[in-house]
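Colleague: Pasting a structure here, questions to come.
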Amino acid sequence: MASSARPLALRAACSLRAPRCLRSTAAARQEQPGEPARPPPPPDPERGSAHGGTGPRGTRRVQPPPPAVDFGDPREAFRSKSSAELVRALVVLRLCALEPLVARSRQLMNLSRKLLGQQRFEKLMKMTFYGQFVAGEDQEAIKPLIQRNRAFGVGSVLDYSVEEDLTPEEAERKEMDEACVKGAEIDGPGAAQREKQYLAHREFGDRRDRVISARTYFYADETKCDQHMDTFLRCIEASGGSSEDSFSAIKLTALGRPQFLLQFSEVLMKWRKFFHQMAAEQGKAGLAVMETKLEVKKLQETLANLGIATKAESQHWFTGEDLGVSGTVDLLDWNSLIDSRTKLSKLLLIPNMKTGQLEPLLSHFTEEEDLQMKRMLQRMDVLATRALELGVRLMVDAEQTYFQPAISRLTLEMQRKFNMEKAVVFNTFQCYLKEAYDNVTMDVELSRREGWHFGAKLVRGAYMEQEQARAAQVGYEDPLNPTYEKTNEMYQRCLDYVLEEIKYSQKIKVMVASHNEDTVTFTIRRMAELGIHPSEKKVYFGQLLGMCDQITFPLGQAGYPVYKYVPYGPVNEVLPYLSRRALENRGFMKRAKRERDLLWSEFKRRLITGSLFCNPSH
Ligand SMILES: Cc1cc2nc3c(=O)[nH]c(=O)nc-3n(C[C@H](O)[C@H](O)[C@H](O)COP(=O)(O)OP(=O)(O)OC[C@H]3O[C@@H](n4cnc5c(N)ncnc54)[C@H](O)[C@@H]3O)c2cc1C
């Protein structure tokens, strides 16, 4: 490696955040102002339903006992529904369970439109699938539903759900020609250095393929991204107007060119790998991520031996105020050397352990690409600023693993800026990922060190089939847990960790976004054991509109903060999303069967008691 290239290495990045960079873990253990002191012993699991919450200064507050919730009571579950809505739910969920119908849902919808004409088709959709899963066409139309849900203790996460109706070929062309591939990258010298996982692959160009319940955006140009931002802004404004304490969901792939997300993700993952390689050199392989600490002296020696920087050069990289005490660097310190606000094209050179060569973490960005990245960050800034003004929380959805490191990192940057007083920006953690626990613990730890509020949604993950197929076909390690049981274990581990943290902190909030009754029951039990009362509003629950009302409404009526993800948008533009939603229901037959049984019981009860025509009451 030519030594003239060295000045570009780490130093460029380090200068960005010098004051905050490289604070020791010892410092992290110190309490942040406003945080209650952490008592040393772990919570006593034997306490059963502890009725004490934590007061603002760590004092124990006497709470009423946690409310009981019954997920098997059809009357409670569907109290908010008219009988016509019960019938609609019964019919729609039944149809969603019919394999041949669901498999051809797109064609059937198109055929019905032709036969019925646009108007009658829209009416039919509103009476059936659209009416079940979508709140309405625009901000005004969705208000009655939002208000009704609120009256039953259920909040809303507004999610403008239009999707371009592209054929697979169109989607693939857009992805490969416009969004994810740099001309120079296909044959250029940089191509060999790129990780396969973070390159676009034509056979996976249609990112909607095998994805359930998640909207997908395809990049066209910067104007289109501005339009998406305007749409999200309107959604935030509608959330602000609809109720207090509401959320608005956004997807970062809508706000910029995915090429940037791919490349930035690759940088972040290579950087993390490099840290673990250094750890292995120091005999610390296999430790839990927050336990892995590199000794600065040894690290400097290694960097010098590898030819990355002389000891003198690297001296000032590791001079954080607290390092004198601990003399170690952990992954958070290490990560803080990369700053998304830097000119990424000036980023680091690190050794390729296979070839022994120093290679740039990133192939160079052109001026135009640098601009695209800045515009994406600006759009995010505009959205978070507006959300803060209107008292709306911004939920950043998680997406595919090859985008997710960048999405998480950019979200984290927003949290640093906007979450100083309260949790405005929420990140999403997918527990089907092998690295989910590391991701959650690192972000919680970082928030504690830096004093901002941590807000997160925990999900299992929506891209499973696509991720598994891509890893197998392209040839890299499957990033997902190998079985459903392992994903459940991971979910429980992450959730348990966050709940324990919540017990001692006023600055952590989590949304348990799941339709799984066991997960919800587990959360309620752990909350009771840890003395986290629902009225503290630190733990939220989330389900999708039109699904699992038997979980959502009993939670809401018992006083647990619970939210529906509320998709909305014009009928035609929501249809592509809807047909994939039908596919989701097909996959969850068992649960839908329980829901249908409860719906049917409630319908029969109303019929027998002569209350079929009563209005929903609360
Ligand atoms: C309010 C809300 C918001 C959401 N937001 C997002 C989001 O931002 N990003 C996102 O990716 N998803 C999101 N989802 C979808 C979510 O990730 C799940 O796909 C969906 O909720 C089903 O999981 P479950 O916990 O509800 O049910 P379950 O039926 O208990 O779990 C099904 C899930 O388990 C996992 N799984 C199943 N089989 C296996 C296997 N063999 N190996 C490993 N894992 C397996 C998969 O993740 C699968 O989706 C959201 C869901 C909700 C309710």
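What follows draws every value from the coordinates through simple rules; no lab data is involved. What you are looking at is a predicted structure, and each value in this text was computed from that prediction instead of being measured. FYI the Cβ positions are ideal-geometry reconstructions off the backbone, even for glycines, and counts take in every protein chain you see.
Colleague: How compact is the range 463-618 by the rule of thumb for globular proteins, expressed as Cα Rg over 2.2 N^0.38 Å?
Modeller: 1.27
Colleague: Applying the Karplus parametrisation 6.51 cos²θ - 1.76 cosθ + 1.60 with θ = phi - 60° to the phi angles of the range 278-283, what ³J(HN,Hα) value in whole Hz is obtained for each residue in order, glycine and proline being reported as x?
Modeller: 4, 5, 4, 4, 8, x
Colleague: Near the amide H of G155, under 5 Å away, which other amide H atoms are found, from residues 5 or more places off or on another chain, if H is placed in the peptide plane?
Modeller: For G155, the qualifying residues are V562, Y563, K564.
Colleague: Roughly how many nanometres apart are two label points built 7 Å out from the Cα toward the Cβ at E291 and L116?
Modeller: Going by the 7 Å Cα→Cβ label model, 6.0 nm.
Colleague: List every residue whose amide H lies under 5 Å from the amide H of L294, counting only residues 5 or more places away in sequence or on a different chain, with H placed 1.01 Å from N in the peptide plane.
Modeller: V329, D330
Colleague: Do the alpha carbons of any pairs in K422/K503; K143/K422; K143/K538 sit beyond 23 Å of each other, and which pairs?
Modeller: Details: K422/K503 17 Å; K143/K422 26 Å; K143/K538 26 Å.
In this structure, K143/K422; K143/K538 exceed 23 Å between Cα atoms.
Colleague: Let me ask you something else. Find out how many positive minus negative residues lie around Q543, taking Lys and Arg as positive, Asp and Glu as negative, among other residues whose Cβ is under 10 Å from that of Q543.
Modeller: 0
Colleague: Residue-wise, which Karplus ³J(HN,Hα) couplings in Hz belong to the range 495-511, taking 6.51 cos²θ - 1.76 cosθ + 1.60, θ = phi - 60°, and x for glycine or proline?
Modeller: 5, 4, 4, 5, 5, 4, 5, 4, 3, 9, 10, 8, 10, 10, 10, 9, 10
Colleague: Can you put Y577, Y402 in order of Cβ neighbours within 10 angstrom, beginning with the fewest?
Modeller: Least crowded to most crowded, the residues run Y577, Y402.
Colleague: Test of the criteria: in the range 468-522, which chymotrypsin sites (Phe, Trp or Tyr not before Pro) are in a DSSP loop and have at most 16 other Cβ atoms within 10 angstrom of their Cβ?
Modeller: Y476
Colleague: Residue by residue through the range 414-419, what is 3J(HN,Hα) from phi via Karplus (6.51 cos²θ - 1.76 cosθ + 1.60, θ = phi - 60°)? Round to whole Hz and write x for glycine and proline.
Modeller: 5, 4, 4, 7, 9, 9
Colleague: Strictly over 25 Å apart at the Cα level, which of K284/K507; K297/K434; K311/K417; K284/K311; K196/K224 would you flag in this model?
Modeller: Checking Cα-Cα distances, K284/K507; K297/K434; K311/K417; K196/K224 exceed 25 Å.
Colleague: By count of other Cβ within 10 Å, fewest leading, how are I250, I551 ordered?
Modeller: Going from sparsest to densest Cβ surroundings: I551, I250.
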